[in-house]
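The values are calculated or read from the model by the stated rules, or taken from the named source; none is laboratory data. Note that the coordinates shown come from a computational prediction; the quantities given were computed from them, not determined experimentally. In this analysis, Cβ positions are derived from the backbone assuming ideal geometry, glycine residues included, and neighbour counts consider all displayed protein chains. Keep in mind that these areas ignore ligands, DNA and RNA; they rest on the heavy atoms of the full protein, side chains included. Shrake-Rupley method; radii C 1.70, N 1.55, O 1.52, S 1.80 Å.
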Amino acid sequence: MSPRLSRIAERISAIFARGVHGTRRIAANGVRRAASASGLMIATAAVAAAGYLLWVHPPVESVQRGDVAIRTNQLTGNVDEFREGSLLLLPGLHEVRMFSLRDQVYRPEGSSRADGPSPFQSIEGMSLGVDLTVRYALDPAKVNALSKNLPDDIAGQIVQPAVQGVIYKTFTRYTVREIFSSKRAEIQQLIEAELKPKLAADGILLRTVQMGKVDLPADYRQGMDKLLAEELATEKMRYTIALKEKRVKETELDALAEKVRRETNAQAAASEQVIAARAQEEAMKHVLPFKQKQIEQRQLEAEADKQSRIRTAEGSAQARRIEASGEADSRQKLADAEAYRLDRVGKINSEQMAREGVLITRHPLLIQKTMADKLSDKITVIIAPPSTDGGFVGAGLLGGAPKAGRTVAQAPRGADTQDNQEAE
């Protein structure tokens, strides 16, 4: 059993002992007064009244979860602490105070707006509102010792004065711009650092101080918005410049890496070429004799081809000379045959001309006939002597008695043509 429960049991035993002792004393008095009926009736009424009071007001108190009960003995001055559960509470003997150990929140509503009843003041003297939240809780280690001095309204009598005594003078150290944007975290830390020991002295633990919305005057808010927009643009430009500088540096590093890569590749390529040259040099030791042999082989092949061509040319020249000699002999023979033919034709023509001269001398009309034949080969000319008796001119040709030596009949066209061809 815990010491506290032991003490409670001892106290309950002492109370019942005192009650029993009182009852005995009453009983003794009752015995002494038993003689009188009125005394007995009074004792019975007293016992009934006590029972009724105990029924109506039971001597037990409940402690909720998250709360702490401080019971003070009015006779001895002892103070006991109780957490979640029930405790004995005798009327007139015990006094109990309940305290909540849960986190509490305090918000100064009057200073949340710039046009509120109690706004904050900046270092420029401008009014502004700040949505401030203070979260606190009772210190469980000190609540027993300080329970007699703690007021019933802890938020209104301890927390509020302490918070207002710190936050107003803190905000007056900063400008509106700092409160609005750049010094919010610093202000929170400063308020916590100054407010925490003050509350701790009263048995209160400060959890956090948070700054919410900052309410500025309308005109100042417009100017502040423009200024913040410009600052944001400047900040953006700064980041842009930094980003470009990093890109330039990245490009330089990429170029340097590319340079190193190219140098490495060039060195590798040079080494590869050196190795290849050495290999080629080594190979040439074997290739050159082979090439020399190939050259010698080709020279021999060329010499053989040359001799073959010379022999072929000599054979061709000899064949051509034989052909030319045969051709000359053949031409000579053709020329002799042609000369013989011309000589023979000349002689025949001379004889033909002699015969034609004799014939023309004997028959002059042949000249006209010849001229007529030259005009056209379609014309057939017949020469006949005129009739001496006045008869038909062609009677001699048709079977009449022509005179000898006077009638010249035209020979058939085919005979004349054949004669002419022979004359030619």
Add +1 for every Lys or Arg and -1 for every Asp or Glu among the other residues with Cβ under 13 Å from the Cβ of Val63, and state the total. -1
Heavy atoms of Asp202: accessible area, 1.4 Å probe, square angstrom to 10: 60 Å²
Shape verdict for region 237-395, please, from the Cα gyration tensor: rounded (a/c under 1.5), prolate (a/b greater than b/c) or oblate. oblate
How far is it, in nm, from the label point at Leu334 to the one at Gln164 when both lie 7 Å from their Cα along the line to the Cβ? 15.3 nm
Within straight-line cross-link reach of Lys306, aspartates and glutamates at Cα separation under 16 Å, skipping those fewer than 8 residues along the same chain: Glu296, Glu314
Longest to shortest principal axis, alpha-carbon extents of region 60-125, angstrom: 59, 25, 18
Cα-Cα longer than 26 Å, checked against Lys148/Lys198; Lys347/Lys374; Lys183/Lys244; Lys183/Lys249, kept in input order, equals Lys183/Lys244; Lys183/Lys249
Val79: net charge of surrounding residues, Cβ under 11 Å, Lys/Arg +1, Asp/Glu -1, itself excluded? 0
Enter the Cα centre distance for the pair region 208-229 and region 104-150, rounded to the nearest angstrom. 20 Å
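For region 98-137, what value does the Rg/Rh ratio take when both radii are computed over Cα atoms and Rh is the Kirkwood radius, given to two decimals?
1.19
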With no solvent and one point per C-alpha, what does the Debye sum give as log10 I(q)/I(0) for region 315-376 at q = 0.12, 0.26 Å⁻¹? -0.57, -0.99
If Rh is defined by the Kirkwood formula over all Cα pairs and Rg also comes from Cα, what ratio Rg/Rh do you get for region 177-314? 1.75
For region 54-68, 3J(HN,Hα) per residue [Karplus equation, 6.51 cos²θ - 1.76 cosθ + 1.60, θ = phi - 60°, Hz, x = Gly/Pro]: 5, 6, 6, 10, x, x, 9, 10, 9, 10, 6, 5, x, 10, 9
At a probe size of 1.4 Å, how large is the accessible area of His286, to the nearest 10 Å²? 130 Å²
